[in-house]
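The values are calculated or read from the model by the stated rules, or taken from the named source; none is laboratory data. These numbers were taken from a predicted model, which means no experiment stands behind them. Methodologically, a virtual Cβ is constructed for each residue, glycine included, from the backbone with ideal geometry; neighbour enumeration extends over all protein chains shown.
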Amino acid sequence: MFLSRSNIYPQVPIIFKAHFTCCKDVASQHLLSLRLYLTSSQDNAVWDTPVSSSIHFRKSKNWVYQMLICHYCNVFIILASTQQGEVESGTRRKVKRLLSFQRYCHNSRLLRGLVPHTPGSLHLLDDDYLGQAAHMLSKVGTWNFDIFLFDRLTNGNSLVTLMCHLFNVYGLIHHFQLDMVKLHRFLGMVQDDYHSQNPYHNAVHAADVTQAMYCYLKEPKLAEQLSPADVFLGLMAAAAHDVDHPGVNQPFLIKTRHHLASLYQNTSVLESHHWRSTVGMLRESGLLSHLQDMEQQLGSLILATDISRQNEFLLTFREHLDNQDLDLQLASHRHFMLQIALKCADICNPCRVWELSRQWSERVCEEFYRQGDMERKFDLEISPLCNQQADSVPTIQIGFISYIVEPLFEEWHRFTDPSLLSQTMMGHLHKNKARWSLLRYAHNSEPQAHSQAEKPGPEGGGGEGECIP
């Protein structure tokens with residue numbers, strides 16, 4: 001990994017402890033995997049050791065590699081007590097994932113380990129991340145950003161990579177004097193706490209919402225008024241708003257008497273859990289230990305994503321716009337607009353280009369159907385939208401657009417005056433709704449055609465299957 005410059009965050013000196021695993025000889029160099037841990041400086045000799053672009057460390061006396069210091073414009077290997085042959089324990093699978101740069105050996109790499117499984121694990125980005133991912137990050141503010149492709153390019157680390165980039169864009173690390181090791185540790189914990197087996201509520205969804213939030217924060221009407229604290233809270237809430245989502249909805253948790261439903265008294269159960277989980281990780285990482293009042297404001301944003309509170313926020317938003325009394329110089333009004341922006345980002349999938357929107361629609365419906373299958377398995381009443389035999393993807397999406405997405409984005413459209421982005425989103429929304437309508441018509445026509453084909457002819461015969469309209 002080429003790390004001769006650390007200009008991602010040049011204002012922050014970084015000290016890491018590194019454990020290396022020797023994998024094999026490659027052209028007289030050892031191929032090394034590493035996991036990084038925060039450590040205190042010690043009285044050790046400093047060697048200015050050359051580092052090549054393939055995470056190959058050239059041979060040095062007694063194969064001693066113990067501590068890695070990344071400082072402004074310098075990389076040092078510090079001599080410590082590790083002897084030749086000492087390796088980090090781990091499985092082949094972990095090492096293979098750790099050495100994810102193999103897919104992109106012709107590009108500069110993203111230096112990071114496997115998804116954190118221990119408190120000390122973290123992600124470290126070199127100054128141009130991955131070659132192809134870096135190109136995408138240069139266009140992260142465009143609405144057609146393909147988060148699925150970006151997640152593949154970063155080997156499943158889209159959320160961590162995106163958040164690091166956006167924090168750097170806004171200069172938040174310097175402004176809030178954040179410890180970069182704590183930041184990476186926190187982001188790694190958040191990403192790891194999303195359930196990758198969920199078709200929809202996973203870390204890719206969190207990254208998608210974060211990218212949308214960034215686009216909204218750049219809206220001229222908001223960007224001119226937002227403080228660094230507003231931007232920080234907006235991005236953090238977007239990244240963590242669905243953390244540890246179980247892949248089922250609140251009614252399922254209530255009727256199965258889940259402990260979370262009891263804990264939060266059947267009110268905003270999932271959103272409260274997302275918030276409290278985030279607070280726990282913040283405290284464990286110590287990221288905001290020097291800042292006051294952030295946890296409550298973060299909670300207010302995350303709790304606003306409760307879909308059962310949609311009308312509450314929509315009516316308040318509409319009333320502000322009708323009365324023209326939004327004053328973004330007031331912290332309370334800016335916070336309200338952050339809540340609205342996060343709500344928009346959370347449900348913006350129908351406003352994306354069709355190729356992306358369709359994927360998200362199929363994913364969320366797959367998650368609904370899985371819940372319905374569980375409810376059927378345990379003889380529970382199947383929740384609305386969760387019956388795959390009765391609720392088609394087009395039908396679900398048309399209802400979602402008509403009753404949830406359109407009303408909110410029409411008011412957002414008014415708020416932005418409207419902006420070019422808002423016009424683009426509304427254009428996609430209307431086109432996507434029209435396509436789902438065509439697909440619903442085709443879906444509903446198929447059973448009828450099948451039924452006609454199965455009718456007995458004049459001499460008898462026919463099918464036994466019952467068609468579902």
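Side notes on the structure shown:
- Filtering region 267-301 to residues that are among the β-branched types (V, I, T) and more than 24 Å from Q177 (Cα to Cα) leaves T267, V269.
- All positions within region 209-263 that are under 23 Å from the mean Cα position of the chain (by Cα), small (G, A, S) and under 30 Å from S383 (Cα atoms): A212, A237, A238, A239, A240, G247
- Restricting S300, S308 to those that are at pLDDT 95 or above, in contact with a His (Cβ under 9 Å, 6 or more places away or on another chain) and among the small types (G, A, S) reduces the list to S300.
Each row is one residue, and each column tells you yes or no for (1) closer than 30 Å to P350 by Cβ; (2) in the same structural domain as A240 (by TED's automatic domain parsing); (3) at pLDDT 50 or above.
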| residue | (1), (2), (3) |
| --- | --- |
| S89 | no, no, no |
| L98 | no, no, no |
| H117 | no, no, no |
| D128 | no, no, no |
| L159 | yes, yes, yes |
| N168 | no, yes, yes |
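- Subset of region 216-258 (residues that are within 19 Å of P384 (Cβ to Cβ) and in contact (Cβ under 8 Å) with a residue 60 or more places away in the chain): G247, V248, N249, P251, F252, K255, T256
- Complete set of residues in region 410-450 that are under 16 Å from E355 (Cα atoms), of a type in the set (D, E, K, R) and free of Cβ contacts under 8 Å to residues at least 40 places away in the same chain: none
- Subset of region 344-362 (residues that are over 15 Å from the mean Cα position of the chain (by Cα) and of a type in the set (D, E, K, R)): R352, E355, R358, E362
- Which listed residue, of H165, H174, H184, H135, is in a helix (DSSP H, G or I) and either touching a strand residue (DSSP E or B) at 6+ places or on another chain (Cβ under 7 Å) or among the polar types (S, T, N, Q) (or both): H184
- Residue in region 291-300 that is in contact (Cβ under 8 Å) with a residue 60 or more places away in the chain and in a loop (DSSP other than H, G, I, E, B) present: yes
- Selection count where residues are in a loop (DSSP other than H, G, I, E, B) and either at pLDDT below 95 or within 17 Å of S300 (Cα to Cα) (or both), scope region 228-254: 3
- Of all residues assigned to region 167-174, none qualifies as being among the β-branched types (V, I, T), surrounded by 24 or more Cβ atoms within 10 Å (Cβ to Cβ) and within 27 Å of D327 (Cα to Cα).
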